[in-house]
1. Does LYS80 satisfy the condition of being part of a strand (DSSP E or B), charged (D, E, K, R), closer than 29 Å to ASN94 by Cβ and touching a helix residue (DSSP H, G or I) at 6+ places or on another chain (Cβ under 8 Å)?
2. Testing LYS69 on (1) assigned to a helix (DSSP H, G or I); (2) modelled with pLDDT of 90 or more; (3) basic (Lys, Arg); (4) under 21 Å from ARG8 (Cα atoms), one condition comes back false. Which one is that?
3. Of the residues ASP72, ASP20, which is among the acidic types (Asp, Glu) and closer than 20 Å to MET119 by Cβ?
4. Name the residues in the range 41-52 that are of a type outside the set (A, V, I, L, M, F, W, C) and out of contact with any Leu (no Cβ under 8 Å at 6 or more places or on another chain), would you?
5. Given the structure, is SER133 of a type in the set (Gly, Ala, Ser), loosely packed, with under 12 Cβ neighbours inside 10 Å and either outside any strand (DSSP E or B) or modelled with pLDDT under 90 (or both)?
Amino acid sequence: MNSLFDTRYASQPFPRTGPDFWNVKEFPGPRGLDGGLGYRPMVFALIADGVAHRDIWPLSDSKVDRALKKLDEIKPYITKWWLAGEEPIQLLINREYALTSAPDGRALAAIKRGISLRMVGRRYYRAKLLDCS
């Protein structure tokens, strides 16, 4: 799972980190997050709140509370909580999202097809190494 943005929506500088997903002033536009019942939106929220990747697990009650509080901040900007893996890509293509979380494989496949999307953060640089963007 990764953050992904539509380059047609975003102007330079592009979002580069997890916290940029929450920065609606510098990176405006509608957002999407995984709406399935699970931990993924909480992980995104913890990263946006400054928790290091290595410190996310195990998810304690205090981390869950912290993640839910962070999700409350972005909730007004989430236009749709997506459920199926291809859904966030299609919603980006349709310009219904500016930024969203999305499965890595789906994101890389869309980028490789030439769709104007970019991945955010360290996985984006792996995509560059794979010559997918």
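The values are calculated or read from the model by the stated rules, or taken from the named source; none is laboratory data. Predicted model, so just to flag it, every value in this text is computed and none were measured. Note: ideal-geometry Cβ built from the backbone for every residue, glycine included; neighbour counts use all protein chains shown.
1. For LYS80, the condition - part of a strand (DSSP E or B), charged (D, E, K, R), closer than 29 Å to ASN94 by Cβ and touching a helix residue (DSSP H, G or I) at 6+ places or on another chain (Cβ under 8 Å) - is met.
2. Failing condition for LYS69: (4).
3. Exactly one of ASP72, ASP20 is among the acidic types (Asp, Glu) and closer than 20 Å to MET119 by Cβ, namely ASP20.
4. ASP49, GLY50
5. In short, no.
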